[in-house]
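To start, the structure under review is shown below, and the notes come after it.
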Amino acid sequence: SLFTGALFEPEHEGQWRALKWAVEDFNLNPEILNHKVVLVERQTLPSQDSFAAQKIVCKLVQAGVAAIFGPVSP
């Protein structure tokens, strides 16, 4: 498995759904990653809160994520 993280603010639910759909579609083709699947751990954070984002990113990195998607806001 390829463990990834996703950080999204509540108002960006559409972006989360798009990522979730893309990962589900990607996982339907086992040939892409040699029969591995992508797992996404979603984290919701307050808008414009870089401190909260930093804490979540640190936890995800400590957990060994291969990639982090988001957040949308600067």
_Only one of Lys20, Lys55 that is out of contact with any His (no Cβ under 9 Å at 6 or more places or on another chain), surrounded by fewer than 14 Cβ atoms within 10 Å (Cβ to Cβ) and more than 13 Å from Phe69 (Cα to Cα)_ = Lys55
*From the set of residues in segment 1-41 that are among the small types (Gly, Ala, Ser) and without any contact (Cβ under 8 Å) to a residue 12 or more places away in the chain, which is farthest from Lys55 (Cα to Cα)?*
Ala22
*Subset of segment 29-51 (residues that are closer than 16 Å to Leu7 by Cα, loosely packed, with under 14 Cβ neighbours inside 10 Å and of a type in the set (S, T, N, Q))*: Ser47, Gln48, Ser50
*Mind telling me which of the residues Leu60, Leu28 ends up being aliphatic (A, V, I, L, M) and more than 15 Å from the chain's Cα centre (by Cα)?*
Leu28
*Give segment 42-74 a look and list any residue that's in contact (Cβ under 8 Å) with a residue 60 or more places away in the chain, in contact with a helix residue (DSSP H, G or I) (Cβ under 7 Å, 6 or more places away or on another chain) and of a type in the set (A, V, I, L, M, F, W, C), or say none.*
Ile68, Phe69, Val72
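Bear in mind that the values in this text are calculations on the coordinates, not laboratory data. Keep in mind that what you see is a predicted model, and the values were worked out from it rather than measured. Note that each Cβ is placed from the backbone with ideal geometry, even for glycine, and that neighbours are counted across all protein chains shown.
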